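Colleague: Got a structure for you, questions after.
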Amino acid sequence: MEAAVHTSGLRRVYRRGRKDPVVALDDLTLTIERNEIHGLLGPNGAGKTTLVKILSTVLLPSGGSARILGHDVVADTRDVRSLIGLVLGGDRGLYDRLSARRNLLFWGALYRLDARTTRERADALLERVGLAERADDRVERFSRGMRQRLHLARGLLHEPRMLFLDEPTSGLDPVAAGAFRRLVLDLRAEGRTFLLATHDMDEATALCDRVTLIDRGRMLLSADTARVGRFLGERECVDFTHPDPSVAEGLALLPDVTGVERRDGAAWRVHTAGRDGSRRVLGWLLDRDVLTARRGEPSLEEVYLRAVGDRGMRV
Amino acid sequence: MSTLRAMWRAVLLQVALSRRAPEHALILLIAPMQTTTMLALTVTSHRPDAVANAVLAPGLIGLWVAALDHAGRIVPEDRWAGRFTPMIAAPVPLGPVVAGRVAMVVLVGAAAFAESWLVAALGFGRVVAVADPALFAVAVAVTCLATIGTATLLSAVLVVSRARDVLQNSLGYPFYILGGILVPVAALPGWLHPFSRVVFLSWSAELLRGAVRGDADAWFRPVAAILGLGAAAMAAGLWLTRRYVDRSRREGMVEFA
């Protein structure tokens, strides 16, 4: 069975007149299996949006190939467009002066749905995303969270098997973001595949089966979200709670400890050089009557920060 | 079939948008004033033979303004509002969707004909009698069709152009003159006539005046010319829109919202 997404040596170069061309994607080979939620991470300018644009057929690659459910995004554009749904974040992208229902009726026609099917699906989707009672209200009166749900409803109108989400919860309050994520998980349970481009590490950790981290157009890692910490080699960490900061100061002097950071209140995280180091740290903590301590791997956010380094403000 | 359905949906979309956007009906405010000005000129200069011209001209100008002004804004507005990307990621091509919306805009412009007639009748007591109503209806219908085709082309040209505002502001009077709207083409210098013949408005203006006077004998030729020029413009507009989308995909001009 063909993968949901497969790219091979994918490359995109932006020409800028007399300036040097910008390589946005460079030799990217990536596979996303069916029914997977795949996170696409990277700093601004890493190439995430370029990849999503190519996969959603709105941008042509400069080299390499990309296939969606077995269809080439360049040669079989029309087939690909019927299989995918594109959900963009933000306030824009809808007809603000029209109602949610009218928006969906128009977009349904763009996906070759007849009027009756569009009406039935629009009603069902508006109900599903919690907008049924506001279906006939103008979109300009919607909150950002409601707009986001309408974006998702639009993306689902033609029942695509593959969905691309670009920063879908950007700017949403925690309750709205949580509801949106639950909806995504429900949709995955129906057999859909998701590619989620995000800056939100908590979101990626909560939703994604696998993540791919790209920077400067190149893939830095692609792994199961739960095991992504292994990409930092032998590094491990130990989490513990203790109200006395002097314990942390003492830990920092141990030879196996590479760093100590305060997490929240009395919670601390100790970074160690490896498994033996973690064992010695745990023993040291037990000797000082620390009752809650556990060994772990670096989080996705830590991996991200180490991989991207200090690129945060640079593009 | 599905493309026609999308076109029809685009018509309905534009109906809904125009109902909520008063600026789309601006031409309907301007047409009575234009009619008043032109009729006042013909009345004070004792030219009863030119009354029909004064009534027909604002109708044709209304169509052209609708085509040039509103139709030219459709794609740029969709682009600015972040709707362009999901549109070109959909299976239905963009061209027919633009054409459907343009059609509705043009029909709003066509209402200027009725307004002008009413202004003449109610404001000046000059009831313009149409000698050949059937031909007049045909002339209005084919003129609207040709305007839809031309507006689709204009929409694409304005999108592709880097000087959209300049073009939009400067394509009014040249076409009013070449189209024989303000004065009949016969009154223009001879060297302008060949240029006039490739502007569908020149055929439309003559046909409409002939229908009002009842002396349009060879109506088939102008009808064919209007439809032919409109169809050619529509084909060119759809082609140019597709080229624009292809270029956007190739050069990376498509932005996410």
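Colleague: Assuming 0.36 nm per residue, please report the length gained on full extension of the stretch A:Glu140 to A:Glu127 beyond their Cα-Cα distance.
Modeller: In short, 2.8 nm is gained.
Colleague: Mind checking which of B:Trp64, B:Trp80, B:Trp117 has the largest fluctuation in a GNM of chain B, springs on alpha carbons under 10 Å?
Modeller: B:Trp80
Colleague: Something else about it: Taking θ as phi - 60°, what are the ³J(HN,Hα) couplings along the range B:172-178 by the Karplus curve (6.51, -1.76, 1.60), each to the nearest whole Hz, with x for Gly and Pro?
Modeller: x, 4, x, 7, 5, 6, 4
Colleague: List the residues whose amide H sits under 5 Å from the amide H of A:Leu220, counting only those 5 or more places along or on another chain, with H placed 1.01 Å from N in the peptide plane.
Modeller: A:Leu213, A:Ile214, A:Asp215
Colleague: Could I ask something else about it? Note down the magnitude of the dipole of chain B about its Cα centre, charges +1 on Lys and Arg C-beta and -1 on Asp and Glu C-beta and zero elsewhere, to the nearest 20 debye.
Modeller: 660 debye
Colleague: Less than 18 Å from a label point 7 Å out along the Cα-to-Cβ axis of A:Ser65: which backbone N atoms in the range A:16-58 qualify, by residue?
Modeller: A:27-33, A:54-57, by backbone N distance to the label point.
Colleague: With a Förster radius of 30 Å, plug the Cβ-Cβ distance of A:Arg218 and A:Arg116 into 1/(1 + (r/R0)^6) and report the FRET value to the nearest 0.05.
Modeller: Computed FRET efficiency for A:Arg218 and A:Arg116 comes out at 0.05.
Colleague: Note the angle between two axes, namely the Cα long axis of helix A:115-128 and the longest principal axis of the Cα atoms of chain A, as a number of degrees from 0 to 90, rounded to the nearest 10.
Modeller: Taking Cα atoms only, the helix is inclined about 30 degrees.
Colleague: Given labels modelled 7 Å from the Cα in the Cβ direction, how far is it in nm from A:Asp20 to A:Ala226?
Modeller: Label at A:Asp20, label at A:Ala226, 4.3 nm between them.
Colleague: Given points 7 Å out from each Cα along the Cα-Cβ axis, report the B:Val127 to B:Trp191 separation in nanometres with one decimal.
Modeller: About 4.7 nm, to one decimal.
Colleague: Applying the Karplus parametrisation 6.51 cos²θ - 1.76 cosθ + 1.60 with θ = phi - 60° to the phi angles of the range A:199-207, what ³J(HN,Hα) value in whole Hz is obtained for each residue in order, glycine and proline being reported as x?
Modeller: 9, 8, 5, 5, 5, 4, 5, 6, 9
Colleague: Can you give me the distance in nm between label points at B:Glu77 and A:Glu190, each placed 7 Å from the Cα along the Cα-to-Cβ direction?
Modeller: A separation of 3.2 nm, rounded to one decimal place.
Colleague: Here's something else I'd like to know. Antiparallel DSSP bridges in the protein assembly as shown: what percent, to the nearest 5?
Modeller: Approximately 70 percent, going by the DSSP bridge assignments.
Colleague: Now for a different question. As I understand it, the dipole of the protein assembly as shown uses +1 on the Cβ of Lys and Arg and -1 on the Cβ of Asp and Glu, about the Cα centre. Which of A:Ser143, B:Ala141, A:Thr198 lies farthest toward its positive end?
Modeller: Projecting each Cα onto the dipole axis, the largest value belongs to B:Ala141.
Colleague: Given the -39500 (n - 2.57) contribution per DSSP H run of 4+ residues, what per-residue ellipticity at 222 nm results for chain A, rounded to the nearest 500 deg cm²/dmol?
Modeller: Helices in chain A give a 222 nm mean residue ellipticity of -10000 deg cm²/dmol.
Colleague: Hey, another quick one. For the Cα atoms of chain B, what angle does the longest principal axis make with the long axis of helix B:26-44, in degrees from 0 to 90, nearest 10?
Modeller: Its long axis makes an angle of about 20 degrees.
Colleague: Mind checking which of B:Ala151, B:Ala66, B:Ala120 has the largest fluctuation in a GNM of chain B, springs on alpha carbons under 10 Å?
Modeller: B:Ala120
Colleague: Any idea how far the Cα center of the range A:1-79 sits from the one of the range B:3-68, in Å?
Modeller: 48 Å
Colleague: Just in the range B:186-257: which GluC sites (Glu not before Pro) are loop by DSSP and have at most 12 other Cβ atoms within 10 Å?
Modeller: For GluC sites (Glu not before Pro) across the range B:186-257 that sit outside H, G, I, E and B with at most 12 neighbouring Cβ atoms in 10 Å, the list is empty.
Colleague: Top mean-square fluctuation among A:Phe194, A:Phe106, A:Phe180, Gaussian network model of chain A, C-alpha springs under 10 Å?
Modeller: A:Phe106
Colleague: Now for a different question. Compute the distance from the alpha-carbon center of the range A:142-161 to that of the range B:187-244, in whole Å.
Modeller: Comparing the Cα centres of the range A:142-161 and the range B:187-244, I get a distance of 45 Å.
Colleague: While we're on this one: Can you find, among A:Leu183, B:Val185, B:Gly228, the residue sitting farthest towards the positive end of the charge dipole of the protein assembly as shown, where Lys and Arg contribute +1 and Asp and Glu -1 at Cβ?
Modeller: B:Val185
Colleague: Nearest 10 degrees, 0 to 90: what angle lies between the long axis of helix B:2-19 and the longest principal axis of chain B (Cα atoms)?
Modeller: In chain B, helix B:2-19 runs at an angle near 70 degrees to the longest axis.
Colleague: Let me ask something additional. About the Cα centre of the protein assembly as shown, how large is the charge dipole given +1 on each Lys and Arg Cβ and -1 on each Asp and Glu Cβ? Please answer in debye to the nearest 20.
Modeller: Charge dipole, the protein assembly as shown, about its Cα centre: 1120 debye, nearest 20.
Colleague: Right, here's the next one. Determine the shielding of peptide A:105-118 by partner chains: average, over its residues, the number of Cβ atoms on other chains within 10 angstrom of each Cβ.
Modeller: 6
Colleague: Once phi is turned into θ = phi - 60°, what whole-Hz ³J(HN,Hα) does the Karplus curve with 6.51, -1.76 and 1.60 give for every residue of the range A:274-290, x standing for Gly and Pro?
Modeller: x, 4, 4, x, 4, 4, 5, 5, 4, x, 4, 5, 4, 4, 9, 6, 6
Quick note: the coordinates plus some simple rules give every number you see, no bench work behind them. A quick note: this is a predicted structure, and the numbers were derived from the prediction, not measured. All Cβ positions, glycine included, derive from the backbone under ideal geometry; neighbour counts span all protein chains shown.
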